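Heads up, the thing below is written out as structure tokens.
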Amino acid sequence: MALKLIQQGAEAKILLDNSKNLIIKDRISKSYRHPDLDVQIRKKRTKSETKLLEKASKIINCPTPMESKSFDKIIIPYIQGKKLSEHLNNFTLEKQKEICREIGSSVAKLHKENIIHGDLTTSNMIYAPDKKDFIFTKGGDEKRNKLFFIDFGLGYISSKTEDKAVDLHLLKHALEAKHFKNCEILIKEVLNSYEKIFGKTEAEKIFKRMTAIEKRGRYRH
């Protein structure tokens, strides 16, 4: 198995198996933890993320985990595309708006099922326009961008308005930081699309809480 390290974070190594076109997320052992506790934590986090991916992949475009005998590894198909954080600014404004509408509707679909991503940034989204075999068609959408959400390592299940608002706040912050030229327009597209899927009344509660979270952040400085 020829594995290529494509990313390494504090919690895991992301490896590409070119021969099988697979991604392996390998959770890193921490030497400062007791060995038994270390295994327990890695096992729990791997199991939790696997379950979230399985559930999310039935709702939106995201890789479905494959069966694995390893307690600390997640194996998923490799989605060959463009990391949105690096390429969104290169598209025309109309294309950026179209993609952001897809982001908003996908996040709303996750939130309706109480799935919190936990790290909603364009770095955790892949735009794969040539991946016909991955396109998610359930739900009768006539036209979809081939936008995929990845890395649910910080995700969890919650019905709380606060948690959904924090998810959106992180996304808004990411758009302001990485895509500042058109950020106001793009944020509006995301929220309008979110509201259409989630419903006006419930969405407004989440947006109101998001505004409160932003104010709390400003007052801390």
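The values are calculated or read from the model by the stated rules, or taken from the named source; none is laboratory data. From a predicted model like this one, the values you see are computed outputs, not experimental measurements. Cβ placement follows ideal geometry from the backbone for every residue including glycine, while neighbour counts extend to all protein chains displayed.
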Item to check | Conditions (1) within 21 Å of the chain's Cα centre (by Cα); (2) assigned to a helix (DSSP H, G or I); (3) not acidic (D, E): number failed by K215 | outcome: (1)
Checklist outcome for this item: Of (1) within 24 Å of L5 (Cβ to Cβ); (2) buried (at least 21 other Cβ atoms within 10 Å of the Cβ), A108 fails just (1)
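Among the listed residues K164, K205, K196, K181, which satisfies the condition of being in contact (Cβ under 8 Å) with a residue 40 or more places away in the chain, among the basic types (K, R), closer than 14 Å to N114 by Cα and outside any loop (DSSP other than H, G, I, E, B)?
On the way: K205 fails: closer than 14 Å to N114 by Cα; K196 fails: closer than 14 Å to N114 by Cα; K181 fails: closer than 14 Å to N114 by Cα.
One residue alone meets the criteria, K164.
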Checklist outcome for this item: Residue hits (segment 13-46; more than 16 Å from D151 (Cα to Cα), among the charged types (D, E, K, R) and outside any helix (DSSP H, G or I)) are D17, K20, K30, R33
Checklist entry - Taking segment 3-20 as the region of interest, how many residues are over 18 Å from L154 (Cα atoms) and out of contact with any strand residue (DSSP E or B) (no Cβ under 7 Å at 6 or more places or on another chain)? => result 2
Checklist outcome for this item: Taking segment 74-88 and the residues there that are out of contact with any helix residue (DSSP H, G or I) (no Cβ under 7 Å at 6 or more places or on another chain) and of a type outside the set (A, V, I, L, M, F, W, C), the one that is farthest from N124 (Cα to Cα) would be P77
Next on the checklist: For segment 58-90: of the residues being hydrophobic (A, V, I, L, M, F, W, C) and surrounded by fewer than 16 Cβ atoms within 10 Å (Cβ to Cβ), which is farthest from the chain's Cα centre (by Cα)?
Outcome noted: F71
Checklist outcome for this item: Within segment 128-164, the count of residues that are at pLDDT 95 or above, farther than 16 Å from F198 by Cα and hydroxyl-bearing (S, T, Y) comes to 1
Item to check | Filter pass, L120 being out of contact with any strand residue (DSSP E or B) (no Cβ under 6 Å at 6 or more places or on another chain), at pLDDT 95 or above, part of a helix (DSSP H, G or I) and buried (at least 19 other Cβ atoms within 10 Å of the Cβ) | outcome: no
Item to check | Residue check, T64 assigned to a helix (DSSP H, G or I) and among the β-branched types (V, I, T) | outcome: no
